[in-house]
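Let me begin by presenting the structure, written as structure tokens, before commenting on it.
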Amino acid sequence: MAKITKLDDIVSLCKRRGFIFQSSEIYGGLASCYDYGPLGVELKSNVRSAWWKAVVQMRDDVVGLDCSILMHPLVWKASGHTDKFADLIAECKKCNTRTRVDHLEEKFAEQAQEHTEHVAIDVAMAKAQDLTNKVCPNCGSVGRFTEPMPFELMFETQMGANVDDSMTLYLRPETAQGIFANFRNVLDTTRVKIPFGIAQIGKSFRNEVTTKAFIFRTREFEQAELEFFCEPGTDEEWFRHWKEARFNWYIGLGLKKENLRFREHDADELAHYAKACVDVEYRFPFGSGDWQELEGIANRTDYDLRQHQRGMRTLNKWFENDRDLTKIELSNEAEDYQSGPLSYFDDEKKQRYIPYVIEPSAGIDRSALAFLVDAYDEEEVRGEKRNLLRFHPALAPVKVGVFPLVKREGMPETAQNIYNDLKKYFNCFYDEKGAIGRRYRRQDEAGTPFCITVDGQTKEDNTVTVRERDSMEQIRVSTDQLLSHLREKLDL
């Protein structure tokens, strides 16, 4: 049994089996945009559900939220995105390709592993090095670059029908800020007490300079983020808690431990708001190095809530300056931040403070890709190659395939009845076309854990054949015990 290491095979399988398609493919496609097909949408939904179950449903200290994609522009001024959310790029003078400076490689240097995510532009400028020995990834020319320049990553749009009342908005580059903006609403409408978390899954948008490797980095993507609010002084303990909890989540859903690792951020890598940050990395089959970020866990301190208190005091300036964010500086007037509107009063300790925040931030698309890569396998069975996806049952797009052995002797009718009964409880697929072996192979490649076959013996003793995907073992199960048998095996 040999694990596949070529991304091309994953991309081919995704197109062939209806997991993922290029967006707008009939018009030549749109770069870095993808559509999830019938199997892909089920996989992504299952990843989403598994995250929500672990982070929200199974805990008593986390609640959910679903915030608007469009938000007041002062949100992004307060968070720092308006002023700092950009990549440093350089343009090749020969082929006019623009590349992130931190992605350029030395002509004679060994390939380094890519760890970089987006950092504040002033930090990137400070770290920018001489480009005379850097290689253009498009044409291969060396040292022929323009001076580094910032490239804004937020997508702009306009809201309002008339010139007088229209204003510039942004497609959110992250879901976290909607949680911070609703911190007081959640406190006032629920019975949560610190420590507690607010979780959200939703679309985010970034006008990336460099997209790569299928759905790993795209301009439209889905995030699963948790902001866990805790008392200052307990933040390091909670940081360790969420670090381990998130790592174990991936292992629990089938990712091989040898393909996962932690990578602590160095001090000069940390975002402007972070006290500490660690990445959960996965060994993807691409890139300048195989290890790539799957999820980040950050200690954001009390930065965001303090910034939004400043933003709230800046609202009048926004109106006075014709709603032009470039003319506005956040308020620096003296205020006791500990008694502000986004502070928290601890009834038991009789003290008020602004909570610290631990943020596990995962990508649903990246996670789906990691689960696809890790599940993919090839093996030889009786002289033939078998492709299969060894998905954890919770993630499998289809849980059960139901087949009549042949299309006669009442087998299709019996199989159809079984299918109709089972699909009330989990996603099933009915198939009566082709040889039974071919039908098994199709479901193996889709990652279906179990297949049920109605055959000649079914009419005699009311049993069916249940075939397990990974071992291909077949057993007889009574039809009246079928649901309970599958539920136990699927852990549903």
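Packing-wise, with mean Cβ within 10 Å as the measure, how do 147-156, 97-106 rank, highest first?
With the highest mean Cβ count within 10 Å placed first, the list reads 97-106, 147-156.
Looking at the stretch 398-490, send over the antiparallel percent of its DSSP beta bridges, to the nearest 5.
Among the beta bridges of the stretch 398-490, antiparallel pairing accounts for roughly 55 percent.
Can you tell me the equivalent ellipsoid semi-axes for the chain? Use √(5λ) from the Cα gyration tensor, largest first, whole Å.
46, 30, 21
Please determine, in degrees from 0 to 90 and to the nearest 10, the orientation of helix 411-422 with respect to the longest principal axis defined by the Cα atoms of the chain, where the helix direction is its Cα long axis.
Once rounded, one gets 30 degrees.
Out of residues 5 or more away from residue 430 or on other chains, whose amide H comes under 5 Å of its own, with H placed 1.01 Å from N in the peptide plane?
402
For the chain, what proportion of DSSP beta bridges, expressed in % and rounded to the nearest 5, is antiparallel?
85 percent
Sorted from largest down, what three extents in whole angstroms do the Cα atoms of the stretch 48-105 have along their principal axes?
If we take the Cα atoms of the stretch 48-105, the spans are 57, 30, 16 Å.
Could you work out the local net charge near residue 147, counting Lys and Arg as +1, Asp and Glu as -1, over the other residues with Cβ closer than 12 Å to its Cβ?
Computed value for this residue: -1.
Over the Cα atoms of the stretch 410-455, what Rg and Dmax result, in angstrom?
Here Rg and the maximum Cα pair distance are 10.6, 28 Å.
Taking the 0 to 90 degree range and rounding to the nearest ten, how far is the long axis of helix 303-313 tilted relative to the main principal axis of the chain, both from C-alpha atoms?
Relative to the chain, helix 303-313 is tipped by roughly 60 degrees.
Which cross-chain or sequence-distant (5 or more) residues have an amide H under 5 Å from the amide H of residue 63, H modelled 1.01 Å from N in plane?
Hits under the 5 Å cutoff: 197, 198, 199.
List the cysteines of the chain that have no other Cys Cβ closer than 4.7 Å: which are they?
14, 33, 67, 230, 277, 428, 451
For helix 7-17, report the angle its Cα long axis makes with the longest principal axis of the Cα atoms of the chain; keep it between 0 and 90° and round to the nearest 10°.
Once rounded, the angle reads 60 degrees.
Please work out the FRET efficiency for the pair residue 234 and residue 290, using the Cβ-Cβ distance as r and a Förster radius of 35 Å; give the result to the nearest 0.05.
The formula returns an efficiency of 0.45 here.
I need the peptides 430-436, 223-229, 390-396 ranked by packing, meaning the mean over residues of other C-beta atoms within 10 angstrom, with the highest value on top.
So the order, starting with the most tightly packed, is 223-229, 390-396, 430-436.
Read-outs: derived from the displayed coordinates by stated rules, not from any lab. Worth saying up front: this structure is predicted, and the values here are computed from it rather than measured. Here the Cβ is made from the backbone with ideal geometry for all residues, glycine too, and neighbour counts use every protein chain on show.
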